[in-house]
Amino acid sequence: MIKVLHVSDIHLGSGLSHGRTNPETGLNTRLEDFIKSLRTCIDHALSEPVDLVLFGGDAFPDATPPPYIQQAFASEFRRLGEANIPTVLLVGNHDQHSQGRGGASLSIYRTLAVPGFIVGDQITTHRITTRSGEVQVITLPWLTNSALLTRPETDGLSSGEVNNLLLQKLQPILEAEIRRLDPNTPTILLAHLMADRAKLGAERFLAVGKGFTIPVSFLIRPEFDYVALGHVHCHQNLNPNGTPPVVYPGSIERVDFSEEKEDKGYVLIDLEKGNTQWEFCSLPVRPFLTINVDVSDKEDPQGAIESAIAQKQIPEAVVRLKYKLRSEQIDQINNRALQKALSFAHSYSINPELVSQLARPRVPELGEQVTLDPITALKTYINNRDDLQEISEEMLDAANKILNEESDQEIESLKSKEQLNLL
């Protein structure tokens, strides 16, 4: 049995707007959070110890991170090299230049020939000798249109047609790798991609580049004992009722509020031919907290907001306060008091939203299940519009006049029809 640690989407250097400068280190506190989570993953790999580490791509937010962020990444992964633990670093979309060629942020490890480190920037099979036996790892980095297709091949095609053409190009390439596998050696497909059944997280909003969607059925092959995925930040197994497991470990930290309710962590695998077991290991990441409150109908909007804050306090969380109010309530809000109430937070943002006077809720008496005569319905509407009270009588008189005229016209029409029938 071969022990493998699968981690992905580290994004070291992301989400700095949610942090502050640590006066002791000079680093952004959110960067320190990401480093701490990465260190926890590496600590587990060393303490287990595991036989192999797989990184599923997206080391940084882009292909050219600042040197101090590259150094933080290298410092943690270097410990694996020192412990003689083979490591595969797959190239994700954020590791590539905008043209989609080369893994600029990770290729340095190949250039320096770091012992035991493999950079997966092309579709190929790596045969790795670990302390517990041999393992085969097929690397499938993030692929853009230009990686498999020429411009003339894509001219005039819709995105769906390009996606199908890309799959037609990819299938024989991957099939060729599978045919060269040793059937008696455990095999892992390590891929950075968007699978069609995946539940999305923050990658929906990040600059993901031009890629394509791959059907899960494309990945479920009897030759694979485990499919290690990267790119999607929400942990999930896309083949829960069968083999092989098709697993996104998710990102190791929350990038933004779209991941507020997601668990973060990595995956520990017991790899065995035909009998692979795995478990998700949660990381104690910093909580994100959204406080939503509507005070547009409150007599004391300030008190209502402070009460909502008091009920949701989570020490050292990244907090987003969102409240709705009417324009005439603005002077009743004390921002300094709100900032004081949010002092428990690691960082916070305050986002007020004005409620339009024209955007009133539907009057309950006029629901879909209620039938009212036109005059009663109009009275109900007027009673819920303060700005129409002064002209309410004129509106009702006009409505009665219109309805009476329509009634007279209907009577005359009926009389005419009766006379025609008599003839």
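Please enumerate the residues belonging to segment 285-326 that are in contact (Cβ under 8 Å) with a residue 60 or more places away in the chain and either out of contact with any Phe, Trp or Tyr (no Cβ under 8 Å at 6 or more places or on another chain) or at positive phi (or both).
The answer is 285, 286.
Got a number for residues in segment 268-286 being surrounded by fewer than 14 Cβ atoms within 10 Å (Cβ to Cβ) and modelled with pLDDT of 95 or more? Show your work before the answer.
We begin by selecting, within segment 268-286, every residue surrounded by fewer than 14 Cβ atoms within 10 Å (Cβ to Cβ); these are 274-275, 277, 279, 282, 284.
Next, from what is left, pick out any that are modelled with pLDDT of 95 or more: 277, 279, 282, 284.
Within segment 268-286, residues that are surrounded by fewer than 14 Cβ atoms within 10 Å (Cβ to Cβ) and modelled with pLDDT of 95 or more number 4.
Go through segment 106-128 and report how many residues are on the phi < 0 side of the Ramachandran plot and free of Cβ contacts under 8 Å to residues at least 40 places away in the same chain.
Keep residues of segment 106-128 that are on the phi < 0 side of the Ramachandran plot, which gives 106-112, 114-115, 117-128.
Okay, now just the ones that are also free of Cβ contacts under 8 Å to residues at least 40 places away in the same chain, so 107-112, 114-115, 118-119, 121-122, 126.
The qualifying residues number 13.
Would you call residue 105 of a type in the set (S, T, N, Q), surrounded by 14 or more Cβ atoms within 10 Å (Cβ to Cβ) and assigned to a loop (DSSP other than H, G, I, E, B)? Quick ask: steps written out before the conclusion?
Numbers: of a type in the set (S, T, N, Q): yes; surrounded by 14 or more Cβ atoms within 10 Å (Cβ to Cβ): yes; assigned to a loop (DSSP other than H, G, I, E, B): yes.
Here the answer is yes, as residue 105 does meet what is asked.
List the pairs whose first member sits in segment 210-233 and is in contact (Cβ under 8 Å) with a residue 24 or more places away in the chain and within 15 Å of residue 170 (Cβ to Cβ), whose second member is of a type in the set (D, E, K, R) and assigned to a strand (DSSP E or B), and whose Cβ atoms are under 9 Å apart, counting only residues at least 6 apart or on separate chains?
Between residues of segment 210-233 that are in contact (Cβ under 8 Å) with a residue 24 or more places away in the chain and within 15 Å of residue 170 (Cβ to Cβ) and residues that are of a type in the set (D, E, K, R) and assigned to a strand (DSSP E or B), there is no close pair.
For residue 246, state whether it is surrounded by 20 or more Cβ atoms within 10 Å (Cβ to Cβ), at pLDDT 95 or above and in the same structural domain as residue 342 (by TED's automatic domain parsing). Quick ask: steps written out before the conclusion?
Numbers: surrounded by 20 or more Cβ atoms within 10 Å (Cβ to Cβ): yes; at pLDDT 95 or above: yes; in the same structural domain as residue 342 (by TED's automatic domain parsing): no.
Here the answer is no, as residue 246 does not meet what is asked.
Scan segment 221-240 for residues that are assigned to a loop (DSSP other than H, G, I, E, B) and within 24 Å of the chain's Cα centre (by Cα) and report the count.
Step one: list which residues in segment 221-240 are assigned to a loop (DSSP other than H, G, I, E, B), which gives 221-225, 231-235, 238-240.
Narrowing further to those that are within 24 Å of the chain's Cα centre (by Cα): 231-235, 238-240.
Residues flagged as assigned to a loop (DSSP other than H, G, I, E, B) and within 24 Å of the chain's Cα centre (by Cα) within segment 221-240 amount to 8.
Going by what's in this entry, would residue 37 be described as touching a residue at least 24 places away in the same chain (Cβ under 8 Å), out of contact with any Leu (no Cβ under 8 Å at 6 or more places or on another chain), surrounded by 14 or more Cβ atoms within 10 Å (Cβ to Cβ) and not aliphatic (A, V, I, L, M)? Spell out how you get there, then give the answer.
Numbers: touching a residue at least 24 places away in the same chain (Cβ under 8 Å): yes; out of contact with any Leu (no Cβ under 8 Å at 6 or more places or on another chain): no; surrounded by 14 or more Cβ atoms within 10 Å (Cβ to Cβ): yes; not aliphatic (A, V, I, L, M): yes.
No; evaluated as a whole, the condition is false for this residue.
The values are calculated or read from the model by the stated rules, or taken from the named source; none is laboratory data. Note that the structure is predicted; figures quoted are calculated from it, not measured. When we count neighbours, we look across all protein chains shown, and the Cβ atoms used for this are built from the backbone with ideal geometry, even at glycine.
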